[in-house]
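To start, the structure itself, in structure tokens.
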Amino acid sequence: IYHTPELTPSSEVPDCAIAIDVLRATTTMVTALAAGAEAVQVFSDLDKLIHVSEAWPTEKRIRAGERGGAKVAGFDMGNSPLDCTPEQVQGRRLFISTTNGTRSLERVQKAASVMAGAFVNRRAVVNYILSEQPETVWIVGSGWEGSYSLEDTACAGAIAQSLLKELQLPVDQLAGNDEVVGAVTLFDQWKDRLLELMHHASHGKRLLRLDCDEDLKYCVQMDLLDVLPIQREPGVLVKK
Ligand code: MLT
């Protein structure tokens, strides 16, 4: 587990990388694909997003831009998963740039398989790992501008804990991997009060200040969607 994309080793490439941004980018991506979006294409840079998406037919694209939690002016939507209704996204490509989540997906895009994880699709992520059995798995929290975030670490812990249970491995098996022990312990402590945890998180507080209470409630719904956004070509994720 890496708490921010910046902490991933630049000289190594894992078999499988799972980027997590519970609040809210990866939750939004899962929701968009579940609602029928053709694909999700991620950009760290807003200008590049506009440039690339210009080549796409207008009725087949939707541009999502978020900075500091707020919608970027001129974009079709911000980064709320609740905006990803079938009416909005079905058959369209979601071109998205967010403060941290899209950066972490870009950072790991050279991994043999790359996916987006959140609480809403935790089970789909775990099932993929159990069936493909990759040797090295990175779970990369997006954090906030290079700092640790509670919500992404708790989600990484949820994935790790579920894998341990399915593989019938004791928690002792993790000894020596401080990040995983810490994440599993955090999740275990809060697993029945995830919404409360979001209210303690710095980005959760930021979103509450922006009146995004409903987003927080949506993002903590465990295993809501059986959808795994998986990278088909660099930066482009489709539904597995
Ligand atoms: C991000 O990428 O930093 C987030 O998803 C921010 C947000 O809540 O929109």
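Being crowded, with 18+ Cβ neighbours inside 10 Å and part of a loop (DSSP other than H, G, I, E, B) is the filter; apply it to region 39-70 and report the residue that is farthest from the ligand (Cβ to nearest atom).
Filtering first and then ranking leaves PHE43.
Just one of the numbered conditions (1) in contact (Cβ under 8 Å) with a residue 24 or more places away in the chain; (2) loosely packed, with under 14 Cβ neighbours inside 10 Å is not true of GLY157; which one?
(2)
Does region 4-16 include one or more residues that are under 16 Å from LEU105 (Cβ atoms) and in a strand (DSSP E or B)?
Yes, region 4-16 contains at least one residue that is under 16 Å from LEU105 (Cβ atoms) and in a strand (DSSP E or B).
Say whether the condition of being more than 21 Å from TYR148 (Cβ to Cβ) and without any contact (Cβ under 8 Å) to a residue 60 or more places away in the chain is met by at least one residue in region 193-210.
No: region 193-210 contains no residue that is more than 21 Å from TYR148 (Cβ to Cβ) and without any contact (Cβ under 8 Å) to a residue 60 or more places away in the chain.
For ARG93, are the conditions met, namely being in contact with a strand residue (DSSP E or B) (Cβ under 8 Å, 6 or more places away or on another chain), surrounded by fewer than 24 Cβ atoms within 10 Å (Cβ to Cβ) and of a type in the set (Lys, Arg)? Break it down stepwise before answering.
Working: in contact with a strand residue (DSSP E or B) (Cβ under 8 Å, 6 or more places away or on another chain): yes; surrounded by fewer than 24 Cβ atoms within 10 Å (Cβ to Cβ): yes; of a type in the set (Lys, Arg): yes.
Yes: the conditions hold for ARG93.
Give region 21-38 a look and list any residue that's more than 9 Å from the ligand (Cβ to nearest atom) and either acidic (Asp, Glu) or out of contact with any strand residue (DSSP E or B) (no Cβ under 8 Å at 6 or more places or on another chain) (or both), or say none.
Taking region 21-38 as the starting set, the residues that turn out to be more than 9 Å from the ligand (Cβ to nearest atom) are 29-38.
Scanning region 21-38 gives THR31, ALA35, GLY36, GLU38.
When region 87-120 is examined, which residues are found to be β-branched (Val, Ile, Thr), within 16 Å of the ligand (Cβ to nearest atom) and more than 23 Å from ALA158 (Cβ to Cβ)?
Once the filter is applied, which keeps residues that are β-branched (Val, Ile, Thr), within 16 Å of the ligand (Cβ to nearest atom) and more than 23 Å from ALA158 (Cβ to Cβ), region 87-120 yields only ILE96.
Does region 172-207 hold any residues that are within 16 Å of THR153 (Cα to Cα), within 15 Å of the ligand (Cβ to nearest atom) and not in a loop (DSSP other than H, G, I, E, B), and which are they?
So in region 172-207, the residues within 16 Å of THR153 (Cα to Cα) come out as 174, 177-204.
Filter once more, so that each one left must be within 15 Å of the ligand (Cβ to nearest atom): 198-199, 201-204.
MET198, HIS199, SER202, HIS203, GLY204 - these are the residues of region 172-207 that are within 16 Å of THR153 (Cα to Cα), within 15 Å of the ligand (Cβ to nearest atom) and not in a loop (DSSP other than H, G, I, E, B).
Does LEU33 satisfy the criteria of being at pLDDT 95 or above and assigned to a loop (DSSP other than H, G, I, E, B)?
Spelling it out, it is not the case that LEU33 is at pLDDT 95 or above and assigned to a loop (DSSP other than H, G, I, E, B).
Is it true that MET222 is away from the ligand (no atom under 15 Å from the Cβ), hydrophobic (A, V, I, L, M, F, W, C) and in contact with a helix residue (DSSP H, G or I) (Cβ under 6 Å, 6 or more places away or on another chain)?
On the way: away from the ligand (no atom under 15 Å from the Cβ): yes; hydrophobic (A, V, I, L, M, F, W, C): yes; in contact with a helix residue (DSSP H, G or I) (Cβ under 6 Å, 6 or more places away or on another chain): yes.
Yes.
Name every residue in region 208-240 that is of a type in the set (A, V, I, L, M) and part of a strand (DSSP E or B), in order of residue number.
We begin by selecting, within region 208-240, every residue of a type in the set (A, V, I, L, M); these are 208, 210, 216, 220, 222, 224-225, 227-228, 230, 236-238.
Correct list: ILE230, VAL236, LEU237, VAL238.
Does any residue of region 71-81 turn out to be more than 12 Å from the ligand (Cβ to nearest atom), surrounded by fewer than 19 Cβ atoms within 10 Å (Cβ to Cβ) and within 27 Å of SER10 (Cβ to Cβ)?
Checking region 71-81: not a single residue is more than 12 Å from the ligand (Cβ to nearest atom), surrounded by fewer than 19 Cβ atoms within 10 Å (Cβ to Cβ) and within 27 Å of SER10 (Cβ to Cβ).
Quick grid of which residues meet (1) touching a residue at least 24 places away in the same chain (Cβ under 8 Å); (2) hydroxyl-bearing (Ser, Thr, Tyr); (3) within 21 Å of THR4 (Cβ to Cβ):
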{"residue": "ARG24", "(1), (2), (3)": "yes, no, yes"}
{"residue": "ALA39", "(1), (2), (3)": "yes, no, no"}
{"residue": "PHE75", "(1), (2), (3)": "no, no, no"}
{"residue": "GLY91", "(1), (2), (3)": "yes, no, no"}
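The values are calculated or read from the model by the stated rules, or taken from the named source; none is laboratory data. The structure displayed is predicted, hence computed values, not measured ones. Positions of Cβ are generated from backbone atoms using ideal geometry, with glycine treated the same way; all protein chains shown enter the neighbour counts.
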